[in-house]
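Here is the structure we will look at.
The values are calculated or read from the model by the stated rules, or taken from the named source; none is laboratory data. Quick caveat: nothing in here was measured; it's all calculated off a predicted structure. Accessible surface is based on the protein model in full, side chains and every heavy atom, while ligands, DNA and RNA are left aside. Shrake-Rupley method; radii C 1.70, N 1.55, O 1.52, S 1.80 Å.
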Amino acid sequence: MTDRNENMETDGDANASELDLVSDVSDMTRKVNIGSLAIWSTSSSKAGSDLEGLMSEDIETFWQSEGALPHTIMLRFPRPVLVCQVSLLLSHPLDDSFTPEIVMLRAGFSVHGLEDLREEVFQYPDGWVHLSAWIDPQTPVQCTVLQICIHSNHNNGLDSHVRGLKVFGPRPSIATAAHVVRASTSVSAASNSRQPLPVTDEDVRRSMMLR
């Protein structure tokens, strides 16, 4: 399997710069894996292929949805965080019509206040593919709820397989320099003063010890 994102938007200088900010899942120079800070849930799960398969580091395991499209994966954070990238491990050679094709990233501060952030079309993926959560080259999204929504699968498949999911936030030095924009513009002005704290490696280690 490879690590690629052939379908990132490249229209214009701004989008090209956003593409530059998306990196291999093993490259942690600019980002921190913040997935362990969240509570994960899915819209459905097939018996024997549940959420554990999605969170596992074993690429032979997977989460399988069950039921009608769209299928969703939800992450709820206990406090506002900055998110810069979401990466999915997909394999069309292994999963065929179970492979997600059109995927939407949504973010907000409540389940009912989610806003569309980015949509990608993944053509026959085999490896890690990425959804950028940068609003622009200087602006990571801020949220407490993140949703990955699968709108369609290859060959009109009904259920989806996802073999891995990683959510990243910018490293503190990057986050400090970034201009922060809230995911939802409908939040009251009073709550706009609540700024997210950059997530550190120690935050992640502590959260994993508490699980």
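Here are some notes:
- Heavy atoms of residue 74: accessible area, 1.4 Å probe, square angstrom to 10: 20
- Taken per residue, the accessible surface of the range 22-69 reaches 52 Å², heavy atoms only and a 1.4 Å probe.
- Our estimate of slack between residue 115 and residue 96, defined as 0.36 nm per intervening residue step minus the Cα-Cα distance, is 3.9 nm.
- Within the accessible area of the range 103-180 (1.4 Å probe), percent carbon and sulfur: 50
- Calculated accessible area for the range 77-124 comes out at 38 Å² per residue, all protein chains present (probe 1.4 Å; ligands, DNA, RNA ignored).
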